[in-house]
1. Given contacts defined as C-alpha pairs under 8 Å and at least six residues apart, what's the relative contact order of segment A:34-123, whole-number percent?
2. Name the most mobile residue of B:Gly58, B:Gly110, B:Gly37, meaning the one with the largest mean-square fluctuation, in a Gaussian network model of chain B with Cα contacts below 10 Å.
3. Mind checking the full-extension length gain between A:Lys139 and A:Ser80? Use 0.36 nm per residue of separation minus the Cα-Cα distance, one decimal, nm.
4. If you take the Cα Rg of segment B:59-230 and divide it by 2.2 N^0.38 Å, with N the number of residues, what do you get?
5. Pairs of alpha-carbon atoms within less than 8 angstrom and 6+ residues apart define the contacts here; what relative contact order does segment A:4-267 have, in percent?
6. Charges at C-beta only: +1 for Lys and Arg, -1 for Asp and Glu. How large is the resulting dipole of the protein assembly as shown about its Cα centre, in Debye rounded to 20?
7. What percentages make up the Cα-Cα pair-distance distribution of chain A when the bins are 10 Å wide from 0?
8. Aspartates and glutamates within cross-link reach of A:Lys213: Cα-Cα under 12 Å, excluding same-chain residues under 8 positions apart?
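None of the figures in this text is laboratory data; all of them are computed from the coordinates on show. This one's a predicted model, so the numbers in the text were calculated from it and none came from an experiment. Every residue, glycine among them, receives a Cβ derived from its backbone with ideal geometry; neighbour counts consider all protein chains shown.
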Amino acid sequence: MVNPVRNNKLAENAKMKDKNTISNGVKFAIKNLDIWFGTIHALKQVSMEIEANEILGAIGPSSSGKTTFLRMLNRLNDLSPNFRMNGEVKLENDNIKNIDAQFLRKRVGMVFALPLSLPLSIFDNVAYGVKMHGVKNKKLLQNKVEESLKEAYLWDEVKDRLNESAFKLSGGQQQRLCIARTLAVSPEVILFDEPCSGLDPISTAKVEDAMVKLKQKYTIVLVTNNVKQAARVSDRTAFFLNGELIELDKTELIFTGPKDKRTDGYIRGKFG
Amino acid sequence: MRNPYRSQKIAFFFLFLATLLIVVPVGLIVIVIIQKGLPAISWQFLSDIPRQGMRSGGIFPAIIGTLYLVSGAIIFALPIGLLAAIYLSEYSKDNLLTRIIKLAIVNLAGVPSVVYGLFGLALFVVFLKFGVSILSGSLTLGIMILPVIITTSREALESVPQSFREVSLSLGASKWQTIRHIVLPNAIPGILTGTILGLGRAAGETAPILFTVAAFYLPQLPKSIFDQAMALPYHLYVISTQVPNVDEKIRYGTALVLLTLVLFMNLVAIVIRYKFRKKKKW
């Protein structure tokens, strides 16, 4: 279940943590968060902190509220017409309600469950966000695109065909393209919403590698249906069930000796 | 026992028959018009004014009049229709009022064209004092094709996957940037389809222009948008029913020119649509 190579990487990265921390260690502070969609109570009294430069894994059966939780962090839930919330979510001491959604989403990027390339060329996909934030200089855009693609480990595979349609790439490549696209706008936090659900094991490994390395610069929140993936890459793991946060602890502790019976049952595959 | 392959064959036959029933009459109409109208087509017919009480000469003023009217209608209706469609599909909240508005627009497309003619007469010609003019006619035609343009554009906008919008917004793009750079480019083929339908209708209708612009006989070209003009569909009506002893080939020739004109305008839109579809990378 636990991959020794990756664990070494984690150990290395743990040393980096102190040096590169941007904020005071707490990126998101969430207090008594309740979310409703119409009459459905999707999240119930969730309170937690997300630390800077950590990978926080969120696991739980489907409709447990983990994706709602993720989409809260960049206010993507606001797009649903009957969305209501109570409680407070702070990004480095600023309530995210008071941050303009555009700027919040620039700081908090997102990679979706399916590789959703935009109907543009590979280059334009990565450059899209940067262009939308007003960068017009071609040289600057080119540098940014190259840098982001390298960071997502895709550059070598696409450098000769940047003008081709993004839809010509394989699923795994498209997902790394989506990561590059998110990196290009220089976010502080990256939200991954089941990023490997449609990928084969090799592509999955590449995306996981990318995440572990990205942790040095970014804070990562990973929602996953794959319990083993959470065990492999996340530093801390949160277990959601029926909209409640059941348990949040260091990944080793969650997977070796969870305090709650329900957590234990879920990671052993007894339900969900 | 029933043979599933036989019932498939029977079903296939009826489906084919239904298609044939549509294609054959359309084909026949086109063939008859071409056969009877083609002998009338000459350079003089296309470029001369009507002479001898429209029994000879050409139909140039009517061609120009129709071109003016159709262009005017599109210039008026496309921007307004598109903006309304963007508002309805992207900004308006889904409540009873919006649903009533959408339903009303869909139903407006089915209002008989003569009603639009009367409306144009009352509003543009009389109330706004534009007189019987190209301006009044274009605006009336524009209002007539607005519902078609709004409905098809709205459907085109709504068919752009929601996930594209979410991706764009999640990258920090504003709502307008998302519409401008992601939604609109992918909706253009559908919007052009609406425009094509509108064009065809504007060029072919007689009733809306009857009271608002059409001149029975006008041997010179219009000089401004406040002039009256001849138009092909009305001219066809006039020489078919109002003027005795008009040669059959002139009537069919006029019909052929009208048909070709509409076809040509549609062709332009289809080419543009094709180019956008090819650019579409999914």
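1. Reported relative contact order: 28 percent.
2. Result: B:Gly110 has the largest fluctuation of those listed.
3. Numbers: separation 59, 0.36 × 59 = 21.24 nm, distance 3.81 nm.
Gain on extension, A:Lys139 to A:Ser80, equals 17.4 nm.
4. Details: Rg = 18.4 Å, N = 172, 2.2 N^0.38 = 15.6 Å.
Normalised Cα radius of gyration, segment B:59-230: 1.18.
5. 27 percent
6. 580 debye
7. Answer for chain A: a P(r) of 7, 29, 36, 22, 5, 0 percent.
8. A:Glu12, A:Glu54, A:Glu151
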